[in-house]
1. Here is a list: Phe51, Phe40. Which entry is closer than 30 Å to Asn162 by Cα, in contact with a helix residue (DSSP H, G or I) (Cβ under 9 Å, 6 or more places away or on another chain) and surrounded by 20 or more Cβ atoms within 10 Å (Cβ to Cβ)?
2. Take the residues in segment 196-234 that are hydroxyl-bearing (Ser, Thr, Tyr) and surrounded by 16 or more Cβ atoms within 10 Å (Cβ to Cβ); name whichever of them is farthest from Glu161 (Cα to Cα).
3. Return the residue satisfying two criteria in turn: it lies in segment 194-225 and is of a type in the set (D, E, K, R) and on the phi > 0 side of the Ramachandran plot, and of such residues it is modelled with the highest pLDDT.
4. Could you list, in sequence order, the residues of segment 223-237 that are in a strand (DSSP E or B) and more than 18 Å from the chain's Cα centre (by Cα)?
5. Residue check, Ala191 against (1) surrounded by fewer than 16 Cβ atoms within 10 Å (Cβ to Cβ); (2) at pLDDT below 80, all met but one. Which one?
6. Out of (1) modelled with pLDDT of 95 or more; (2) surrounded by fewer than 24 Cβ atoms within 10 Å (Cβ to Cβ); (3) of a type outside the set (Lys, Arg); (4) not in a loop (DSSP other than H, G, I, E, B), what's the single condition that is false for Gln115?
7. Looking only at segment 90-103, which residues are buried (at least 18 other Cβ atoms within 10 Å of the Cβ) and under 16 Å from the mean Cα position of the chain (by Cα)?
Amino acid sequence: MEEFHDRFLEFHPIHGTNVRLDQSETQACRVESFANGVCFSKQPLKPGEIFLIEIEEKELGWCGHLRVGLTARDPMSLEVVPEYSIPDLMDLGDSWVFAITRNHNKIVEEDPGVQEADGGGLAGGRRLGRGEVEDPAQVQGIGGNSTNTKTFSIDSHLHIENVWIPRDKLVGRSRPGRFSHILDDLYKTNALPPTARRSRIGVMYVPRGRDLADMHIVINGEDMGASAKGISTVQPLYAVVDVFAATKVCPDCPVSSLQTLCRKAVQKHIIHRTAIDWLALPDALKHYCKYE
């Protein structure tokens with residue numbers, strides 16, 4: 001068994017028209033409307049490598065939430081970035097994307113005959129589970145007849161096939177504190193819903209034979225199961241993140257640049273951006289904090 005090793009992951013410069021990336025390319029913000037928020041990983045994922053994001057900010061007034069998945073389409077090859085990941089990007093083929101809902105994100109495998117009757121099969125990969133429609137704005141969900149009951153493992157790592165990922169990196173918390181999910185009995189009452197601020201959501205694939213893989217979505221340290229099976233790995237696979245509707249800002253997690261961390265700390269303690277000029281900071285950092 002191998003343990004997952006970190007790599008600094010960034011968003012691709014090719015993205016939806018309503019998305020703005022910060023200077024480090026680790027934060028994607030939808031600046032207007034509710035659509036045109038499709039983003040990609042800058043580099044293809046390696047087998048067992050997770051593209052992990054944290055929901056940093058939400059926007060009231062919209063229905064629907066974050067969408068994540070994989071695509072075998074190189075973002076550079078797209079003439080136009082699709083307005084929606086579901087169904088637009090998926091209709092192009094070789095893409096597997098799922099909407100994250102407040103509940104019912106677990107995958108329940110179905111009888112293949114039912115899959116075909118429902119049109120659930122996807123070219124180059126088989127989708128598992130029935131779409132759980134949370135509201136009219138959501139076309140497709142991850143899920144099936146899953147239960148709301150959560151299981152909390154005391155293991156320090158999440159184990160998916162032959163991949164080990166430090167669980168502390170994966171868990172979103174309503175209260176801060178390293179390893180609180182291991183040491184604190186109250187953690188069970190402080191677990192975050194999948195669509196809440198600070199919730200951490202990741203997508204990855206694990207090899208399943210020659211040139212094939214299964215896609216897994218991980219929410220706050222819990223594996224939702226194989227969201228799609230039999231995906232071809234002949235072509236490089238990029239992560240897809242659709243900053244859709246109620247989700248507004250998603251930074252790559254848990255690594256942020258020092259500049260980004262400084263900006264967040266400054267913004268937390270000032271009333272107005274002009275107050276930054278009075279701080280004993282280098283001019284370059286002041287400009288960065290004011291988005292200049």
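The values are calculated or read from the model by the stated rules, or taken from the named source; none is laboratory data. Every value quoted in this text rests on a predicted model; they were computed, and no experiment measured them. Heads up, the Cβs are rebuilt from the backbone with ideal geometry, glycines too, and the neighbour counts pull from every protein chain shown.
1. Numbers: Phe51 fails: in contact with a helix residue (DSSP H, G or I) (Cβ under 9 Å, 6 or more places away or on another chain).
Only one candidate qualifies: Phe40.
2. Of all residues in segment 196-234, those hydroxyl-bearing (Ser, Thr, Tyr) come to 199, 205, 227, 232-233.
Then drop every residue that is not surrounded by 16 or more Cβ atoms within 10 Å (Cβ to Cβ), which leaves 199, 205, 227, 233.
On the way: Ser199: 24, Tyr205: 10, Ser227: 14, Thr233: 17 Å.
Step by step, filter segment 196-234, then rank; the result is Ser199.
3. Of the residues in segment 194-225, the ones of a type in the set (D, E, K, R) are 197-198, 200, 208, 210-211, 214, 222-223.
Still in the running and on the phi > 0 side of the Ramachandran plot: 198, 211.
Numbers: Arg198: 82, Asp211: 93.
Here the residue is Asp211.
4. Just the residues of segment 223-237 that are in a strand (DSSP E or B), to begin with: 223-232.
Scanning segment 223-237 gives Lys229, Gly230, Ile231, Ser232.
5. So the condition that Ala191 fails would be (1).
6. Looking at each condition in turn, Gln115 falls short on (1).
7. Of all residues in segment 90-103, those buried (at least 18 other Cβ atoms within 10 Å of the Cβ) come to 90, 94-101.
Listed by number, the residues that qualify are Ser95, Trp96, Val97, Phe98, Ala99, Ile100, Thr101.
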